[in-house]
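Peer 1: Okay, here's the structure, questions in a sec.
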Amino acid sequence: MTRIIGGQAGSLRLSSAASVTRPTSDRVREALFSRLEANLDLEGAIVFDLFAGTGALGLEAASRGARGVWMVDNHRGAIEVIQGNIAKVTAALSSPPQLVASKSSVNAFLSRTIDQVVDVVFIDPPYDFPAGEVDEIINALAPWLATDAWVLLERSSRSPEPLWPKEFRALPTKNYGDTTVYVASYQSTEAS
């Protein structure tokens with residue numbers, strides 16, 4: 001069972017499409033958000049949840065005060081689950097943020113233009129997703145990111161480390177059994 005862990009919608013159960021997704025465990029999600037909130041204020045943040053699955057990471061951010069969350073997945077079944085979970089979370093929040101489920105490949109989504117600067121990006125591709133394609137996605141994020149934005153990448157512990165571009169400052173990696181979470185902070189090269 002996947003649930004919202006903290007914030008205004010804390011303990012709300014989320015639907016899951018088990019045959020389609022591999023939801024981030026509550027333990028890993030709790031550790032991610034503890035680390036994130038110790039370093040970044042989620043209140044008013046704009047968040048991308050890429051390879052969203054159930055939308056649990058993005059909806060957790062919404063429960064904790066994010067003002068906008070885009071959840072992207074290419075699988076129709078996952079988008080249907082995300083839309084149902086959005087309805088549940090929206091009903092539980094006194095002032096719901098903008099919550100968007102986008103049926104799209106991550107690359108196609110990142111090639112679009114929206115008038116937002118993103119503060120937090122969760123990337124949780126299937127464990128067998130090619131490392132080179134993960135690196136391409138990380139490279140495509142730069143135009144979207146606010147200075148000091150965090151990118152959190154969840155991978156199999158057997159996957160190679162991502163190749164962070166020079167604008168990203170790699171932060172300590174954390175292992176949770178078969179899951180490794182890589183984190184980096186974006187440092188804009190435009191600042192003088």
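The values are calculated or read from the model by the stated rules, or taken from the named source; none is laboratory data. Not measured: the values here are computed from a predicted model. Here Cβ is always computed from backbone atoms with ideal geometry, including for glycine, and neighbour counts include all displayed protein chains.
Peer 1: Kindly check whether there is at least one residue in the range 123-133 that is in a strand (DSSP E or B), surrounded by 14 or more Cβ atoms within 10 Å (Cβ to Cβ) and touching a strand residue (DSSP E or B) at 6+ places or on another chain (Cβ under 8 Å).
Peer 2: For the range 123-133, residues in a strand (DSSP E or B), surrounded by 14 or more Cβ atoms within 10 Å (Cβ to Cβ) and touching a strand residue (DSSP E or B) at 6+ places or on another chain (Cβ under 8 Å): present.
Peer 1: Being assigned to a strand (DSSP E or B) and over 25 Å from residue 184 (Cβ atoms) narrows it down to one of 78, 101, so name that one.
Peer 2: Sole residue among the options that is assigned to a strand (DSSP E or B) and over 25 Å from residue 184 (Cβ atoms): 101.
Peer 1: With the requirement that a residue be farther than 17 Å from residue 119 by Cα and either among the charged types (D, E, K, R) or without any contact (Cβ under 8 Å) to a residue 60 or more places away in the chain (or both), what does the range 165-184 give you?
Peer 2: Correct list: 165, 166, 172, 173, 174, 175, 177, 178, 180.
Peer 1: Now for a different question. Would you confirm whether or not the range 54-67 contains a residue that is among the polar types (S, T, N, Q) and either over 15 Å from residue 17 (Cα atoms) or touching a residue at least 40 places away in the same chain (Cβ under 8 Å) (or both)?
Peer 2: Checking the range 54-67: at least one residue is among the polar types (S, T, N, Q) and either over 15 Å from residue 17 (Cα atoms) or touching a residue at least 40 places away in the same chain (Cβ under 8 Å) (or both).
Peer 1: In the range 61-69, is there at least one residue being assigned to a helix (DSSP H, G or I), in contact with a Gly (Cβ under 6 Å, 6 or more places away or on another chain) and crowded, with 17+ Cβ neighbours inside 10 Å?
Peer 2: Yes.
Peer 1: Only one of these conditions is not met by residue 64: (1) more than 18 Å from residue 93 (Cβ to Cβ); (2) at pLDDT 95 or above; (3) of a type outside the set (Gly, Ala, Ser). Which number is it?
Peer 2: The single condition residue 64 does not satisfy is (1).
Peer 1: If you check residue 83 against the conditions, is it outside any loop (DSSP other than H, G, I, E, B), of a type in the set (S, T, N, Q) and surrounded by fewer than 21 Cβ atoms within 10 Å (Cβ to Cβ)?
Peer 2: In short, yes.
Peer 1: Hey, another quick one. Could you pull out the residue among 117, 106, 151 that is under 18 Å from residue 58 (Cβ atoms), surrounded by fewer than 14 Cβ atoms within 10 Å (Cβ to Cβ) and among the β-branched types (Val, Ile, Thr)?
Peer 2: Result: 117 is the single residue among 117, 106, 151 that is under 18 Å from residue 58 (Cβ atoms), surrounded by fewer than 14 Cβ atoms within 10 Å (Cβ to Cβ) and among the β-branched types (Val, Ile, Thr).
Peer 1: Would you mention how many residues in the range 156-171 are in a strand (DSSP E or B) and either acidic (Asp, Glu) or at pLDDT below 95 (or both)?
Peer 2: 1
Peer 1: Among 37, 60, 30, 43, which is the only one that is more than 15 Å from the chain's Cα centre (by Cα) and either among the acidic types (Asp, Glu) or over 21 Å from residue 145 (Cα atoms) (or both)?
Peer 2: 43
Peer 1: Among (1) in contact (Cβ under 8 Å) with a residue 60 or more places away in the chain; (2) of a type outside the set (Asp, Glu); (3) over 23 Å from residue 80 (Cβ atoms); (4) part of a loop (DSSP other than H, G, I, E, B), where does residue 137 come up short?
Peer 2: Against the list (1) in contact (Cβ under 8 Å) with a residue 60 or more places away in the chain; (2) of a type outside the set (Asp, Glu); (3) over 23 Å from residue 80 (Cβ atoms); (4) part of a loop (DSSP other than H, G, I, E, B), residue 137 comes up short only on (4).
Peer 1: Then there is this: Is it the case, given these coordinates, that residue 120 is within 17 Å of residue 39 (Cβ to Cβ) and under 16 Å from the mean Cα position of the chain (by Cα)?
Peer 2: In short, yes.
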